[in-house]
1. Please sort by residue number the GluC sites (Glu not before Pro) in region 92-150 whose DSSP state is loop and whose Cβ has at most 15 other Cβ atoms within 10 Å.
2. Would you work out the charge dipole size for the chain about its Cα centre, treating the Cβ of every Lys and Arg as +1 and the Cβ of every Asp and Glu as -1, and quote it to the nearest 20 debye?
3. Counting pairs of alpha carbon atoms under 8 Å apart in space and at least six apart in sequence, what relative contact order in percent does region 1-118 give?
4. Got the relative contact order for region 147-205 handy, in percent, Cα pairs under 8 Å and 6 or more residues apart?
5. When the accessible area of the chain is computed with all protein chains present and a 1.4 Å probe, what percentage of it is carbon and sulfur?
6. Given 25 °C and 0.890 mPa s, how large is the Stokes-Einstein diffusion coefficient of region 19-139 in µm²/s, with Rh as the Kirkwood radius over Cα pairs?
7. Which one, PHE23, GLY97, SER146, is farthest towards the positive end of the dipole of region 1-146 when Lys and Arg carry +1 and Asp and Glu -1 on their Cβ?
8. Just need the relative contact order of the chain here, percent rounded to a whole number, with Cα pairs under 8 Å and 6+ apart.
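The values are calculated or read from the model by the stated rules, or taken from the named source; none is laboratory data. As the structure is a computational prediction, the values presented were derived from the model and not from experiment. Neighbour counts run over all protein chains shown; Cβ positions are idealised from the backbone, glycine included. Accessible surface is based on the protein model in full, side chains and every heavy atom, while ligands, DNA and RNA are left aside. Shrake-Rupley method; radii C 1.70, N 1.55, O 1.52, S 1.80 Å.
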Amino acid sequence: MMTAVEARSTVTILDVAIHRVDFAQTLCMVETWLGEPATAAHCRQICTVNPEFIIDARRDPAFAAVLARADLCAPDGVGLLLAARLLGAPLRERVTGSDGIVRISQRAAERGWRIFLLGAAPGVAEVTAQRLCERYPALQVAGIHSGSPADADWPAIHALLQQARPDILFVAYGHPRQDFWIDRHRHELPARVAIGVGGAFDFVAGVSRRAPRWVQRLGLEWLHRLLREPWRWRRMMKLPHFALLVARQALTGRT
Ligand code: UDP
């Protein structure tokens, strides 16, 4: 059993601090935050960080600042696990947004936490909610909205959230927009915990198919995604760049 302090220990990969948490600890942290008095803090922010996030943060100090301010930067992406091992501070497991939405919903159903699904293409969040409720019939869905992270949409989204008053808000606008959006609004978000989950609604709803477990276990989920969605190749060029920079950090300490 990890102590709270250990659970919050981090490994710094190319100047981004990643929390060395597994799913059990992540759920524990969420539970702790939801147990705090309602007035205690602003909405907690969870970012599910992969190598793309880290390269983007190097190029954009504002995004680096968002990650630094987040309450939890969870290690999504096998590249982070390899990097951490190379840097001598291994991470336990991938804590992905796509598994996170399911694991957190399961705990939410057990504890009576209310969830809100925000983002993805119109109609997708509805199917996501349906699938989650089929799996966890006790799950309380406080609301669903597609919307967009544009400022013009904020008043309508804010009004919906104020009415719904969810405990947990899943935001599926893709990074870095979802993470900027949560950071920008967290002081007035009527939710206790907000988590950026990228394309997770698409996976749960069956709009996109995730790599089979054995491919995930081999650490090749990124390759599966590239083969299914070849338009991602330009974004994925960040992966070799990330690998080179991590090797340099491991060898010279320079970031
Ligand atoms: N998306 C959205 N509104 C936007 C931009 C994107 O709802 O203005 C959704 C899109 O439909 C998809 C997700 O955000 O469900 C992006 O998924 P992706 O896997 O690209 O996320 P990333 O890997 O960039 O975090």
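1. Details: sites: GLU93, GLU110, GLU126, GLU134; in loops: GLU93.
Hits after loop and neighbour filter: GLU93.
2. Taking the Cα centre of the chain as origin, the dipole is about 700 debye.
3. On the way: 135 pairs, mean separation 32.6, N = 118.
In percent, rounded to a whole number, it is 28.
4. Values: 63 pairs, mean separation 23.7, N = 59.
Relative contact order here is 40 percent.
5. Details: 6690 of 12040 Å².
Exposed carbon and sulfur together represent 56 percent of the surface.
6. Rounded, D is 154 µm²/s.
7. Projecting each Cα onto the dipole axis, the largest value belongs to PHE23.
8. Details: 427 pairs, mean separation 57.7, N = 255.
Relative contact order for the chain comes out at 23 percent.
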